[in-house]
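The next block holds one structure in the form of structure tokens; read it before the comments.
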Ligand code: GUN
């Protein structure tokens with residue numbers, strides 16, 4: 001079997017073209033969508049992600065604010081900054097880049113954010129709506145994975161799915177979305193026993209470990225004909241690679257995402273789409289208030 005390639009870059013480009021049209025329509029109505037990103041600390045991967053998100057937003061005509069703070073920023077200071085952005089009617093979307101430094105309680109900080117400005121879909125409101133099956137704003141990476149599956153007409157209904165990640169950014173929301181679509185989902189992580197046993201009986205595997213030195217998804221872990229979605233990003237000998245041993249696994253899987261050019265560009269494209277959703281929600285709530 002030679003796997004078909006899931007081309008995230010080309011699907012992301014199509015989504016960005018649609019988002020650009022929506023941004024232009026809003027601009028013609030006198031509303032300029034604005035995305036504010038918050039970065040705390042000097043983590044190199046986070047800096048690179050934020051730079052990418054800022055650049056992509058600006059390219060579509062989205063107004064950007066780029067707030068960066070030293071690692072020493074205090075919990076109360078971050079919460080005050082988020083509260084001020086909540087009150088700023090010119091800011092429609094706010095993204096707090098994760099991970100935050102250890103002294104900051106991530107969940108507590110995120111829960112201060114206005115759910116309608118929560119372009120990452122991480123606030124308790126958005127996480128709850130997703131859990132109930134009525135998402136308002138869906139986390140970017142899981143939403144991007146669903147878009148890819150839809151584009152290539154890969155239906156997960158009835159599939160055994162295994163997700164190697166249990167974070168609120170990827171594993172938990174994706175498990176909800178897969179279950180909603182009728183897959184039987186297993187969430188695995190670093191402490192899971194008999195990982196290989198679970199993986200080989202899976203029809204779709206989503207791997208989001210991001211530490212190639214610690215974990216590689218190898219050919220012997222994959223069932224022939226499985227769909228393999230690689231969310232991991234690591235740098236090995238200066239080269240970007242995913243969790244998956246791509247050259248070997250592509251001979252066994254039915255579909256596979258490359259790294260780079262797979263899920264990564266989709267995360268950015270969905271963030272921009274979520275920014276438009278947030279902008280529309282702010283217009284709607286303003287109109288509702290005006291009666
Ligand atoms: N860190 C890695 N990916 C993401 C993401 O999609 N959103 C946020 N906020 N932080 C991240």
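No value in this document is a laboratory result; all are computed from the given coordinates. In this text, all values refer to a predicted model and were calculated from it rather than measured experimentally. When we count neighbours, we look across all protein chains shown, and the Cβ atoms used for this are built from the backbone with ideal geometry, even at glycine.
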Selection count where residues are without any contact (Cβ under 8 Å) to a residue 40 or more places away in the chain, closer than 14 Å to residue 41 by Cβ and outside any loop (DSSP other than H, G, I, E, B), scope the stretch 61-89: 5
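Sort through 109, 56 and tell me the only one that's more than 18 Å from the chain's Cα centre (by Cα), in a helix (DSSP H, G or I) and within 15 Å of the ligand (Cβ to nearest atom). Steps first, answer last, please.
Working: 56 fails: more than 18 Å from the chain's Cα centre (by Cα).
When all the criteria are applied, what remains is 109.
Of all residues in the stretch 241-268, how many are surrounded by fewer than 19 Cβ atoms within 10 Å (Cβ to Cβ), in contact with a helix residue (DSSP H, G or I) (Cβ under 9 Å, 6 or more places away or on another chain) and more than 21 Å from residue 146 (Cα to Cα)?
Quick first cut of the stretch 241-268, residues surrounded by fewer than 19 Cβ atoms within 10 Å (Cβ to Cβ) only: 245, 247-248, 251, 254, 260-261.
Checking which are in contact with a helix residue (DSSP H, G or I) (Cβ under 9 Å, 6 or more places away or on another chain) leaves us with 245, 248, 251, 260-261.
From the residues that got through so far, the ones that are more than 21 Å from residue 146 (Cα to Cα) too are 245, 248, 251.
Total satisfying the criteria: 3.
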All conditions in (1) in contact (Cβ under 8 Å) with a residue 60 or more places away in the chain; (2) buried (at least 21 other Cβ atoms within 10 Å of the Cβ); (3) within 14 Å of the ligand (Cβ to nearest atom) are true of residue 173 except (1)
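Yes or no: residue 81 closer than 19 Å to residue 169 by Cβ and within 16 Å of the ligand (Cβ to nearest atom)?
In short, no.
Within the stretch 126-149, work out how many residues are away from the ligand (no atom under 16 Å from the Cβ) and touching a helix residue (DSSP H, G or I) at 6+ places or on another chain (Cβ under 9 Å).
Total meeting the criteria: 4.
When the residues of the stretch 215-238 are filtered to those that are over 18 Å from residue 200 (Cα atoms) and under 22 Å from the mean Cα position of the chain (by Cα), which remaining residue is surrounded by the fewest Cβ atoms within 10 Å (Cβ to Cβ)? Steps first, please.
Step one: list which residues in the stretch 215-238 are over 18 Å from residue 200 (Cα atoms), which gives 231-238.
Filter again for under 22 Å from the mean Cα position of the chain (by Cα), leaving 231-235.
Working: 231: 30, 232: 22, 233: 22, 234: 19, 235: 12.
Of everything passing the filter in the stretch 215-238, 235 is surrounded by the fewest Cβ atoms within 10 Å (Cβ to Cβ).
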Does the stretch 1-53 hold any residues that are within 16 Å of the ligand (Cβ to nearest atom), outside any helix (DSSP H, G or I) and surrounded by fewer than 16 Cβ atoms within 10 Å (Cβ to Cβ), and which are they? 42
